[in-house]
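A.B. asks: Sharing a structure with you now.
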Amino acid sequence: MPDGIRTELAVHEPTSCPVSTISEAEGESVTDINWAGQGTDEGVTEEFRVSQDVSSAVESDFECAEPVVDVGDERVYRFKRNHEEACACEVVESVGAPVADVRARSGTLHFTLHLESVDKLRTIVDRLDDAAERVELRYLVHADASGGSDEPDRALVDRGALTDRQQEVLQTAYSMGYFQYPRDSNATTVADELNIGLSTFTEHLAVAQRKLLSELLSQRV
């Protein structure tokens, strides 16, 4: 059994990070942040996802962001940035640590990382100090290298991995008995209560469940 760790770092006031600026200015979670082209002369292409409720504000305040596709009631944007600018995401990857997940809330970047040792975590935190105002350790789950234990099998689930809309959909479905057996409400009834289409409801529910199950099951390293 590997003796690694799963951790979340909150990077407050990161420098040269348009995505964190958007999350702070619009009061909206920014999720599914991805990038490609690191180290190329053409620059880095970055992608993110926000609620369509703030799409007009994003497009007016962040003119270089181009809409790519609508997914349910969220919109995916893409933009280019200079790869030479200090970026928290690239700082993490520079020490050979792939980013499992990154999102922005209220101007703060939240990184989920899978690392082989606490020493690697210390190195990342040290380097991030130069790319942010403050770095906070949100949680750390350590593998049980001994294997087998009489202690309860506990796991931490970060609800912040969900957007506000996904949390609302999941909470409403739960409170209306959608997950009961037999069900007290079907998908159409819950979608009507949320005032959204059936396909939008099922999309949000599927993404929310995937994120929470990923958080839960991936901790059993």
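The values are calculated or read from the model by the stated rules, or taken from the named source; none is laboratory data. What you are looking at is a predicted structure, and each value in this text was computed from that prediction instead of being measured. Note: ideal-geometry Cβ built from the backbone for every residue, glycine included; neighbour counts use all protein chains shown.
A.B. asks: Any chance you could count how many residues in region 75-102 are out of contact with any Phe, Trp or Tyr (no Cβ under 9 Å at 6 or more places or on another chain) and at pLDDT 90 or above?
C.D. replies: Adding up the residues that qualify gives 1.
A.B. asks: Inspect all residues belonging to region 155-171 and state whether any of them is over 30 Å from I196 (Cα atoms), at pLDDT 85 or above and either out of contact with any helix residue (DSSP H, G or I) (no Cβ under 8 Å at 6 or more places or on another chain) or surrounded by 13 or more Cβ atoms within 10 Å (Cβ to Cβ) (or both).
C.D. replies: Looking through region 155-171, none of the residues is over 30 Å from I196 (Cα atoms), at pLDDT 85 or above and either out of contact with any helix residue (DSSP H, G or I) (no Cβ under 8 Å at 6 or more places or on another chain) or surrounded by 13 or more Cβ atoms within 10 Å (Cβ to Cβ) (or both).
A.B. asks: Is it fair to say T40 is of a type in the set (S, T, Y), modelled with pLDDT under 85 and either surrounded by 14 or more Cβ atoms within 10 Å (Cβ to Cβ) or in a loop (DSSP other than H, G, I, E, B) (or both)?
C.D. replies: Yes: the conditions hold for T40.
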